[in-house]
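Below is one structure; the comments refer to it alone.
The values are calculated or read from the model by the stated rules, or taken from the named source; none is laboratory data. Quick caveat, the model's predicted, so the values are computed rather than measured. Neighbour counts are summed over all protein chains in view; Cβ atoms, including those assigned to glycine, are modelled from backbone coordinates with ideal geometry.
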């Protein structure tokens with residue numbers, strides 16, 4: 001096991017501690033990274049041999065979300081962690097994206113990064129530490145990463161914005177006040193990855209945040225350079241290289257270059273272009289079939305290189321694969337109301353990309369329960385993204401959402417979160433499902449547009465419509481072209497995938513992955529401003545179809561009413577063992593959710609059912625009001641009066657003198673148990689005891705008169721000297737005066 005070593009870095013006034021040499025000594029590289037009481041163990045290991053039969057780099061990143069880190073036992077039946085949560089998957093993707101471009105392109109050995117949460121304090125967020133820890137583990141490992149000729153290592157920070165000021169690595173508590181959640185990773189020279197949610201932040205401010213974030217992460221790179229120099233292992237540069245032979249590449253260029261150019265130039269539609277290129281590739285493979293000196297996999301890769309080079313050259317010359325200009329959008333269309341039973345539906349089409357989003361409104365009890373390391377325990381708004389095989393004309397097994405689908409769904413969810421109504425104003429739980437019906441690039445941004453249409457169609461009072469656009473970049477030396485509304489081929493063969501969502505005011509979500517170094521702040525600013533123009537055009541098409549949320553919700557959507565009750569009355573609504581609330585739901589047909597703060601959410605398919613439930617909840621929780629007249633049942637009689645239940649759980653005493661407008665000899669002559677009596681509340685004392693008067697109702701007294709006439713009687717003493725007006729001296733006893741003297 002290597003020698004223990006500790007390294008520190010100060011980022012934004014906060015100390016980040018990285019230790020190595022104590023844990024997981026057999027891994028290729030292992031570190032613990034800590035800030036506050038949040039601590040992760042990160043390991044990086046590479047297989048001994050290359051993985052055969054693949055044409056990609058097999059990197060895997062897994063964030064192990066262990067609930068012991070927060071001192072909790074999993075809530076599942078098995079009481080152990082199961083399938084990775086959505087948050088763990090997103091952290092894994094966030095770590096993978098900036099690391100992947102920095103490995104050698106000819107590496108086919110498996111590299112596995114495992115991040116295990118050992119301690120989470122609920123204050124410091126672990127995702128940024130995961131990125132930095134993964135880079136540090138790679139930097140000191142024997143894996144070819146992080147030293148020349150490889151780019152790296154990388155640093156990462158989160159940038160918040162509170163009252164216009166940027167904050168580095170804000171805490172969970174600070175993020176509640178932040179208008180920005182910007183996560184950024186990069187090398188010393190360039191930004192590689194951006195993931196951002198924002199509350200309509202202008203483009204100019206976003207560029208400032210990106211620049212500030214890149215400057216803030218440099219100390220983390222300095223620390224890793226020091227780690228690599230002091231404890232780093234020699235890199236395994238003797239791995240089996242899967243680079244293409246230059247002679248073979250040139251041979252294939254000579255064979256197919258002209259044909260590839262013709263296939264791209266003569267076919268604007270994706271399906272026709274793909275068919276033409278596939279036919280060329282099949283013919284090429286036949287030429288080399290049986291040639292023992294050439295791997296067919298190398299032939300495929302060489303052919304793909306020719307296609308990539310020609311597409312990029314044409315774009316740099318001003319010709320995109322489908323003939324558009326660099327800032328041109330494909331044909332746009334928006335539609336709502338496709339599903340008669342869904343609470344809201346929106347169809348958004350951009351060229352050959354088409355997404356149908358469907359919205360469902362539910363009660364608060366239908367919010368998603370979270371059993372994760374996050375301090376949040378539920379989620380009110382959910383966006384789920386599905387990418388079926390028919391959307392690309394392919395077939396594959398349906399095995400639930402893949403990591404890519406989880407990531408795209410989360411991005412669209414982030415884009416809409418800033419414009420959702422507050423729960424106090426619109427208490428519904430919201431779920432939107434985006435079904436990709438046809439895909440030729442930018443389906444995640446199409447799902448943002450479809451979700452906006454679906455929510456407006458459902459009558460959700462969003463603050464503003466949100467549109468999304470995907471931008472691309474092709475860069476060669478000092479020449480570059482920024483592309484608006486990239487399609488699949490441009491995404492695959494370009495140098496940047498830049499997704500921007502927002503309103504006409506500013507950005508609500510941003511995601512950027514860069515495959516090359518050298519992306520300047522000027523290029524990013526230009527891309528953001530170009531994206532804004534496209535976003536406004538898209539929003540125009542959407543608002544031409546529906547310019548505001550519908551006033552009337554679907555007849556199939558539940559009607560929601562919120563009643564606020566005193567916290568000490570919550571028990572009256574629930575009843576012993578939940579008996580009262582179950583009876584209310586069965587008898588009214590409404591769903592009733594009671595919150596700990598006294599909010600009661602009532603939902604029913606029809607308005608009258610919800611109103612009836614509201615009336616009964618209010619009756620259960622109201623307090624007796626002096627001067628108000630109630631009709632209640634006699635629940636008990638005593639010689640001195642009758643007890644009447646005026647509201648559930650609240651009884652009051654009608655003194656015998658107040659039972660009628662005549663003298664009552666016996667209480668039961670006027671009030672029998674089970675009978676109704678109409679009474680006025682004349683007093684509620686400090687202990688909550690209620691005085692009632694029936695005589696006040698019969699004679700039409702005001703509350704002041706009733707209170708004066710119904711003053712509580714002083715109890716009579718049974719002592720001999722208690723008679724009024726008599727001699728205070730007892731018989732045969734001394735007077736008070738004689739005792740004092």
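Some values worked out for this structure:
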quantity: Options 366, 435, 335; residue that is closer than 30 Å to residue 194 by Cβ and either buried (at least 16 other Cβ atoms within 10 Å of the Cβ) or under 18 Å from the mean Cα position of the chain (by Cα) (or both); calculated: 435
quantity: Residues satisfying the stated conditions in region 563-590, i.e. in a strand (DSSP E or B) and either surrounded by 17 or more Cβ atoms within 10 Å (Cβ to Cβ) or in contact with a helix residue (DSSP H, G or I) (Cβ under 7 Å, 6 or more places away or on another chain) (or both); calculated: 563
quantity: Candidate set: region 244-268, residues that are outside any helix (DSSP H, G or I) and surrounded by fewer than 16 Cβ atoms within 10 Å (Cβ to Cβ); chosen: the one modelled with the lowest pLDDT; calculated: 268
quantity: In region 48-65, residue nearest to residue 192 (Cα to Cα) [restricted to those that are touching a residue at least 60 places away in the same chain (Cβ under 8 Å) and touching a strand residue (DSSP E or B) at 6+ places or on another chain (Cβ under 9 Å)]; calculated: 61
quantity: Selection from region 28-41 of residues that are touching a helix residue (DSSP H, G or I) at 6+ places or on another chain (Cβ under 7 Å) and within 18 Å of residue 102 (Cα to Cα); calculated: 29
quantity: Test for residue 398: is it within 30 Å of residue 324 (Cα to Cα) and not assigned by TED's automatic domain parsing to the domain that holds residue 40; calculated: no
quantity: Strands (runs of 3 or more DSSP E) wholly inside region 288-390 containing at least 3 residues that are without any contact (Cβ under 8 Å) to a residue 60 or more places away in the chain and under 30 Å from residue 171 (Cα atoms); calculated: 381-386
quantity: Given (1) touching a strand residue (DSSP E or B) at 6+ places or on another chain (Cβ under 9 Å); (2) surrounded by fewer than 19 Cβ atoms within 10 Å (Cβ to Cβ), index of the condition residue 394 fails; calculated: (1)
quantity: Residue check, residue 468 within 19 Å of the chain's Cα centre (by Cα), at pLDDT 90 or above, within 22 Å of residue 354 (Cα to Cα) and not in a strand (DSSP E or B); calculated: no
quantity: Matching option when the condition is crowded, with 19+ Cβ neighbours inside 10 Å and under 30 Å from residue 144 (Cα atoms), among 84, 88; calculated: 88
quantity: Residue ID - modelled with the highest pLDDT, chosen from residues in region 227-243 that are surrounded by 17 or more Cβ atoms within 10 Å (Cβ to Cβ) and within 22 Å of residue 302 (Cβ to Cβ); calculated: 239
quantity: Flag for residue 338 being modelled with pLDDT of 95 or more and more than 30 Å from residue 66 (Cα to Cα); calculated: yes
quantity: Condition met for residue 45 (buried (at least 18 other Cβ atoms within 10 Å of the Cβ) and either farther than 22 Å from residue 110 by Cβ or in contact with a strand residue (DSSP E or B) (Cβ under 9 Å, 6 or more places away or on another chain) (or both)); calculated: yes
quantity: Residues satisfying the stated conditions in region 650-671, i.e. assigned to a loop (DSSP other than H, G, I, E, B) and surrounded by 15 or more Cβ atoms within 10 Å (Cβ to Cβ); calculated: 659, 660, 664, 670, 671
quantity: All positions within region 538-562 that are assigned to a helix (DSSP H, G or I) and touching a helix residue (DSSP H, G or I) at 6+ places or on another chain (Cβ under 8 Å); calculated: 538, 542, 545
quantity: Filtered residues of region 485-534 (kept if more than 22 Å from residue 440 (Cβ to Cβ) and assigned to a helix (DSSP H, G or I)); calculated: 521, 522, 523, 524, 525, 526, 528, 529, 532
quantity: Search result, residues across region 292-326 that are surrounded by fewer than 18 Cβ atoms within 10 Å (Cβ to Cβ), at pLDDT 90 or above and in contact with a helix residue (DSSP H, G or I) (Cβ under 6 Å, 6 or more places away or on another chain); calculated: 308
quantity: Any hit, region 129-136, residues being under 30 Å from the mean Cα position of the chain (by Cα), closer than 20 Å to residue 371 by Cβ and modelled with pLDDT under 95; calculated: no
quantity: Selection from region 48-62 of residues that are touching a helix residue (DSSP H, G or I) at 6+ places or on another chain (Cβ under 8 Å), surrounded by 12 or more Cβ atoms within 10 Å (Cβ to Cβ) and more than 30 Å from residue 120 (Cα to Cα); calculated: 57
quantity: Unique match (being at negative phi and more than 39 Å from the chain's Cα centre (by Cα)) among 270, 308, 300; calculated: 300
quantity: Tally, over region 681-712, of residues that are surrounded by 14 or more Cβ atoms within 10 Å (Cβ to Cβ) and outside any helix (DSSP H, G or I); calculated: 11
quantity: Leading residue by the ranking (nearest to the chain's Cα centre (by Cα)) among those in region 172-204 that are more than 16 Å from residue 501 (Cβ to Cβ), without any contact (Cβ under 8 Å) to a residue 60 or more places away in the chain and assigned to a loop (DSSP other than H, G, I, E, B); calculated: 176
quantity: Any chance residue 187 is closer than 30 Å to residue 45 by Cβ, modelled with pLDDT of 95 or more and touching a strand residue (DSSP E or B) at 6+ places or on another chain (Cβ under 9 Å); calculated: no
